[in-house]
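Data first, discussion second: the structure below is written as structure tokens.
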Amino acid sequence: MLAVENLHASYGAVQVLHGIDLEVRQGEIVTLLGANGAGKSTLLKTIFGAPAVKAGSIAFCGKPLKGLLSHHVADLGIAHSPEGRRIMPKMTVLENLQIGAFLSDPKHFQDDLKKVFRLFPRLEERSWQRAGTMSGGEQQMLAIGRALMQRPRLLLLDEPSLGLAPLVIRLIFDAIQKINQEDGITVLLVEQNAAMALSIADRGYVLQTGRVVHAGDAEVLASQPEIRNAYLEGMTAP
Ligand code: ATP
């Protein structure tokens, strides 16, 4: 579904991705792990065209993404829930979800809204609350809900566990599994919480300074001593 080949990307003169090869197959949850600054968020951003692909290629269902504007990428069926959530703090929960649906056919709006509210009942209870006054966990639910309102085939999630308590992380990860298993949405999940991510993923990639240093089945990665020592020590799936 998503094929990244020999991808190079940079911010100005600073090269961040140095020849990434990565594949996400339809129906999978694939996780992208690595230390701070490894280039995980940059890879997701490159899918949406900023920073631009300097060399190599990204294709979605066989269609090259290089040079497309971000709304054209979204139109193809890719949604991005970015690091830090980036919700509209002064707008209500419902208005944020309406923004997510902006590119979708309005005839789906009510059904899609019901689906998001079934996944995160808290959002329905708080639909008139200003998004910026919600807790971190609720804001994360909203960021995912907003991305789902776009009706994606591929959902890019950037650090959904960031700053959240273990119980809330469990709830968010259960929701990601439901989105994948019940709605058939393919997921590319960037995470610092490697233990949690590998516990729900089919496969994973580990990035180090813009290069893939490990790749494989999630269970195998989770059992490899060098990965356990570098990324899983002290981390447990709550
Ligand atoms: P983290 O988990 O900390 O978010 P990451 O693996 O997602 O890390 P990136 O955010 O992709 O890493 O950052 C990779 C490198 O690119 C870092 O050295 C970072 O400073 C640099 N970088 C990221 N965004 C920009 C930008 N807009 N301009 C210049 N450099 C940037």
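The values are calculated or read from the model by the stated rules, or taken from the named source; none is laboratory data. Just so we're clear, the structure is a prediction, and the values are computed from it rather than from any experiment. Positions of Cβ are generated from backbone atoms using ideal geometry, with glycine treated the same way; all protein chains shown enter the neighbour counts. These accessible areas exclude ligands, DNA and RNA; they are computed on the full protein's heavy atoms, side chains included. Shrake-Rupley method; radii C 1.70, N 1.55, O 1.52, S 1.80 Å.
Any residue at all in the stretch 34-43 that is among the aliphatic types (A, V, I, L, M), in a loop (DSSP other than H, G, I, E, B) and at pLDDT below 95? Scanning the stretch 34-43, I find at least one residue that is among the aliphatic types (A, V, I, L, M), in a loop (DSSP other than H, G, I, E, B) and at pLDDT below 95, so the answer is yes.
Could you say which residue among 17, 68 is without any contact (Cβ under 8 Å) to a residue 24 or more places away in the chain and either outside the structural domain of residue 180 (by TED's automatic domain parsing) or over 15 Å from the mean Cα position of the chain (by Cα) (or both)? Among 17, 68, only 68 is without any contact (Cβ under 8 Å) to a residue 24 or more places away in the chain and either outside the structural domain of residue 180 (by TED's automatic domain parsing) or over 15 Å from the mean Cα position of the chain (by Cα) (or both). Can we say residue 124 is in a helix (DSSP H, G or I), of a type outside the set (Lys, Arg), modelled with pLDDT of 95 or more and open to solvent by 90 Å² or more (accessible area, probe 1.4 Å)? Yes; evaluated as a whole, the condition is true for this residue. If residue 30 satisfies every condition in (1) surrounded by fewer than 20 Cβ atoms within 10 Å (Cβ to Cβ); (2) under 22 Å from residue 184 (Cα atoms) but one, which is the exception? Unmet condition: (1).
Among the residues in the stretch 135-150, are any farther than 21 Å from residue 38 by Cβ, more than 16 Å from the ligand (Cβ to nearest atom) and surrounded by fewer than 17 Cβ atoms within 10 Å (Cβ to Cβ)? Within the stretch 135-150, one or more residues are farther than 21 Å from residue 38 by Cβ, more than 16 Å from the ligand (Cβ to nearest atom) and surrounded by fewer than 17 Cβ atoms within 10 Å (Cβ to Cβ). The criterion of being outside the structural domain of residue 114 (by TED's automatic domain parsing), within 15 Å of the ligand (Cβ to nearest atom), over 23 Å from residue 17 (Cα atoms) and open to solvent by 20 Å² or more (accessible area, probe 1.4 Å) does not hold for residue 184. Return yes when residue 3 is within 16 Å of the ligand (Cβ to nearest atom), in contact with a Ser or Thr (Cβ under 8 Å, 6 or more places away or on another chain), assigned to a strand (DSSP E or B) and open to solvent by less than 60 Å² (accessible area, probe 1.4 Å) and no when it is not. No: the conditions fail for residue 3.
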